[in-house]
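Below is one structure, written out as structure tokens; the observations come after it.
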Amino acid sequence: MIDRHQLSPHTDVVMLPVRPEAARYLILAVVFVCAACGLVYELELVALASYLIGDSVTQASVVLSLMVFAMGLGSLLAKRLRCRAVVGFGVLEAVLALVGGGSGMMLYAAFAWSGGSHLVLVSISLAIGVLIGAEIPLLMSLMQRVSRRDAEGTVADLFAADYVGALVGGLAFPFLLLPWLGELTGALLTGAVNAVAGGVLVLWLFRRDMSPRSRRRLILLNAAVLALLAAATALVGDFEAAARRAVYGDQVRVAVRTEVQEVVLTGRASQPPDLFIDGRLKVRGSDEHRYHEALVHPAMNGPHSRVLILGGGDGLAAREALGYGDAGSVTVVDLDAGLVRLARRDPALSALNSRAYDDPRTGHVTADAFSWLRGARRGAYDVIVSDLPEPGTAGGKLYSLEFYGLARRALAPGGRIVVHAGPAGAGPDAYWTVDATLRAAGLATTPYRAEGDHGFLLAAVGHPPGLGLDAAVPPLRSPLAERLPGYGPAAESGRPRGAGPEPSTLVRPRYAR
């Protein structure tokens with residue numbers, strides 16, 4: 001066994017417990033693990049920020065750009081640690097494991113107890129970026145202590161291991177960690193793996209390159225980090241319950257993390273439940289009829305034998321459509337099968353939707369609305385109800401020209417489509433952009449709103465449809481709708497309606513973020 005290896009007269013003699021070639025492979029393995037852990041931290045922050053703050057495009061841009069910038073800073077700062085690369089790398093990995101592993105809990109805590117998580121997101125992204133950026137320079141120094149290879153070959157090996165590790169981490173997060181462990185536990189476990197990998201490298205492979213005092217301190221530091229991560233993992237359930245109480249109050253009935261989102265039902269047992277999706281109130285049980293009646297009934301004024309509901313997994317829009325005895329079929333296309341299961345089985349929610357999913361006329365398809373419409377039969381539906389999140393939340397795809405073109409193709413002659421387009425007063429830019437996009441798809445629109453500033457657009461091929469009600473309309477509990485004039489600023493200035501916003505497309509989304 002070779003116990004001493006000296007790369008050049010300018011490098012220190014390092015006492016190794018294994019052959020230099022084996023030590024080299026061990027360092028590359030640690031590079032692989034660290035890269036995988038680093039990418040998991042990044043993806044976990046993007047996913048949690050999108051869930052808590054909304055707008056996945058913006059959150060991904062903020063997190064990734066800040067991290068890349070901070071990685072450059074970390075690489076520069078690492079030059080100061082090269083003289084003590086072993087100890088520096090050991091401390092660096094322990095701190096990174098703690099910050100990265102606990103990042104999800106810190107971000108969630110800021111959202112739950114302070115109501116804002118932007119500053120915490122920026123701070124954590126910068127901190128993790130600096131720590132990740134310092135890894136490669138320090139690992140390069142450690143590699144040069146054990147490898148006879150030239151610098152160019154060493155750099156190539158390090159980056160190859162780094163990129164492959166990033167690939168594995170990027171695939172492990174959505175397919176293993178997120179579905180099996182969840183965001184918080186997955187991040188904590190990743191932090192533990194990170195700490196163990198860094199600890200093994202410095203405390204075993206380079207143990208003879210440190211003073212006894214430095215070894216003891218690193219052992220204590222790593223032990224403390226692992227203990228904190230283990231304690232946090234054990235308390236994740238209690239932490240999530242406390243955070244939910246802080247966000248939703250003490251009356252949480254059901255909290256379910258489905259394959260797509262977090263669904264929470266709150267309220268007293270004697271009252272209709274409130275439904276929260278990813279922390280945002282989607283349905284207020286006491287007055288949800290104001291929204292769903294205004295959404296569905298104007299579109300049912302005319303032929304309505306075949307009804308398609310895009311979104312609406314809670315079954316409330318389906319309830320309104322099923323109130324018409326001559327509605328032959330109601331098809332609900334929703335991406336979240338877990339929400340549909342809850343709407344079908346939860347006593348409070350199924351009572352609120354009048355057990356819509358038990359009606360033999362109701363069918364459910366678990367699919368993305370855009371993808372499903374691409375395969376829909378031409379002219380298959382008399383009524384299409386778009387009960388989707390607001391444009392800024394759902395993203396541009398489900399409010400694009402291409403989407404409405406597919407919806408128009410699926411409409412039967414004389415059919416109508418109604419779109420929930422967000423608040424007409426509080427968010428006029430997005431609302432009127434939806435209007436412009438529908439018209440660009442060849443649909444004539446009638447803008448209207450209901451109580452609470454719920455903004456809708458009723459559209460059809462040909463002339464703008466009226467807001468009248470079918471003779472067989474079920475009893476309504478609230479005033480139906482208030483028709484709006486054309487594009488707001490254009491109407492006020494006397495300009496023609498067509499002078500409003502440009503339509504939104506897949507490649508040119510125009511909704512404010």
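Identify all residues within region 388-411 that are open to solvent by 10 Å² or more (accessible area, probe 1.4 Å) and either at pLDDT 95 or above or of a type in the set (Lys, Arg) (or both); write none if there are none.
Result: Lys397, Leu401, Glu402, Gly405, Leu406, Arg408, Arg409, Leu411.
Got a sec? Which of Ala369, Ala337 is within 29 Å of Arg483 (Cβ to Cβ) and in contact with a strand residue (DSSP E or B) (Cβ under 8 Å, 6 or more places away or on another chain)?
Going through Ala369, Ala337 in turn, just one is within 29 Å of Arg483 (Cβ to Cβ) and in contact with a strand residue (DSSP E or B) (Cβ under 8 Å, 6 or more places away or on another chain): Ala369.
Just to be sure I understand the filter: pairs with C-beta atoms under 7 Å, separated by 6 or more residues or on different chains, first member in region 302-322 and farther than 12 Å from Asp387 by Cβ, second member among the basic types (Lys, Arg). Which pairs pass?
Cβ pairs passing all conditions: Gly302/Arg416; Leu322/Arg361.
Please specify each residue of region 202-213 satisfying the condition of being within 42 Å of the chain's Cα centre (by Cα) and either part of a helix (DSSP H, G or I) or surrounded by fewer than 11 Cβ atoms within 10 Å (Cβ to Cβ) (or both). Before you say what the answer is, go through the steps one by one.
Step one: filter region 202-213 for residues within 42 Å of the chain's Cα centre (by Cα), giving 202-206.
Answer for region 202-213, where residues must be within 42 Å of the chain's Cα centre (by Cα) and either part of a helix (DSSP H, G or I) or surrounded by fewer than 11 Cβ atoms within 10 Å (Cβ to Cβ) (or both): Val202, Leu203, Trp204, Leu205.
Of everything in region 429-458, what is part of a loop (DSSP other than H, G, I, E, B) and surrounded by fewer than 24 Cβ atoms within 10 Å (Cβ to Cβ)? Give them in sequence order.
Once the filter is applied, which keeps residues that are part of a loop (DSSP other than H, G, I, E, B) and surrounded by fewer than 24 Cβ atoms within 10 Å (Cβ to Cβ), region 429-458 yields Ala441, Gly442, Glu451, Gly452, Asp453.
Any residue that is closer than 17 Å to Gly311 by Cα and either basic (Lys, Arg) or open to solvent by less than 50 Å² (accessible area, probe 1.4 Å) (or both) - is there at least one of those in region 459-466? Explain how you work it out, then say what you get.
Taking region 459-466 as the starting set, the residues that turn out to be closer than 17 Å to Gly311 by Cα are none.
No.
In region 139-156, is there at least one residue being part of a helix (DSSP H, G or I), open to solvent by 20 Å² or more (accessible area, probe 1.4 Å), modelled with pLDDT of 90 or more and of a type outside the set (A, V, I, L, M, F, W, C)?
There is no residue in region 139-156 that is part of a helix (DSSP H, G or I), open to solvent by 20 Å² or more (accessible area, probe 1.4 Å), modelled with pLDDT of 90 or more and of a type outside the set (A, V, I, L, M, F, W, C).
Ser350 - would you say it is hydroxyl-bearing (Ser, Thr, Tyr) and open to solvent by less than 10 Å² (accessible area, probe 1.4 Å)?
Here the answer is yes, as Ser350 does meet what is asked.
Determine, yes or no, whether Val332 is touching a His at 6+ places or on another chain (Cβ under 6 Å), assigned to a helix (DSSP H, G or I) and without any contact (Cβ under 8 Å) to a residue 60 or more places away in the chain. Show your work before the answer.
On the way: touching a His at 6+ places or on another chain (Cβ under 6 Å): yes; assigned to a helix (DSSP H, G or I): no; without any contact (Cβ under 8 Å) to a residue 60 or more places away in the chain: yes.
No.
For region 413-428, which residues satisfy the criterion of being under 22 Å from Gly312 (Cα atoms) and either of a type in the set (A, V, I, L, M) or part of a helix (DSSP H, G or I) (or both)? Spell out how you get there, then give the answer.
Kept after step one, since they are under 22 Å from Gly312 (Cα atoms), are these residues of region 413-428: 415-424, 427.
Once the filter is applied, which keeps residues that are under 22 Å from Gly312 (Cα atoms) and either of a type in the set (A, V, I, L, M) or part of a helix (DSSP H, G or I) (or both), region 413-428 yields Ile417, Val418, Val419, Ala421, Ala424.
So which of Leu81, Leu64, Leu98 is open to solvent by 60 Å² or more (accessible area, probe 1.4 Å) and out of contact with any Gly (no Cβ under 8 Å at 6 or more places or on another chain)? Working first, answer last.
On the way: Leu81 fails: out of contact with any Gly (no Cβ under 8 Å at 6 or more places or on another chain); Leu98 fails: out of contact with any Gly (no Cβ under 8 Å at 6 or more places or on another chain).
Criteria check complete, one pass: Leu64.
Quick check: anything in region 459-470 part of a strand (DSSP E or B) and modelled with pLDDT of 85 or more?
Checked against the condition, which is being part of a strand (DSSP E or B) and modelled with pLDDT of 85 or more, region 459-470 yields at least one hit.
Please state which of the following conditions Leu275 fails to meet, knowing it meets all the rest: (1) within 18 Å of Pro347 (Cα to Cα); (2) in contact with a helix residue (DSSP H, G or I) (Cβ under 6 Å, 6 or more places away or on another chain).
Of the numbered conditions (1) within 18 Å of Pro347 (Cα to Cα); (2) in contact with a helix residue (DSSP H, G or I) (Cβ under 6 Å, 6 or more places away or on another chain), the odd one out for Leu275 is (2).
Wholly within region 230-310, which strands (runs of 3 or more DSSP E) include no fewer than the required count, namely at least 1 residues that are hydrophobic (A, V, I, L, M, F, W, C), at positive phi and open to solvent by 30 Å² or more (accessible area, probe 1.4 Å)? Outline the logic, then answer.
Working: elements: 252-257, 262-266, 274-277, 280-283.
Correct list: empty, since no element meets the threshold.
For every residue, the table says whether it meets (1) of a type in the set (A, V, I, L, M, F, W, C); (2) under 20 Å from Ala112 (Cβ atoms); (3) touching a Lys or Arg at 6+ places or on another chain (Cβ under 7 Å).
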residue	(1), (2), (3)
Ile219	yes, no, no
Ala223	yes, no, no
Pro272	no, no, no
Leu275	yes, yes, yes
Gly279	no, yes, no
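Tell me whether region 127-134 contains one or more residues that are in a helix (DSSP H, G or I) and either open to solvent by 50 Å² or more (accessible area, probe 1.4 Å) or among the acidic types (Asp, Glu) (or both).
No: region 127-134 contains no residue that is in a helix (DSSP H, G or I) and either open to solvent by 50 Å² or more (accessible area, probe 1.4 Å) or among the acidic types (Asp, Glu) (or both).
The values are calculated or read from the model by the stated rules, or taken from the named source; none is laboratory data. If you're wondering where the values come from, they're calculated on a predicted model, not measured in any experiment. Positions of Cβ are backbone-derived with ideal geometry, glycine not excepted, and every protein chain shown enters the neighbour counts. Only protein heavy atoms, including side chains, enter the accessible area calculation; ligands, DNA and RNA are left aside. Shrake-Rupley method; radii C 1.70, N 1.55, O 1.52, S 1.80 Å.
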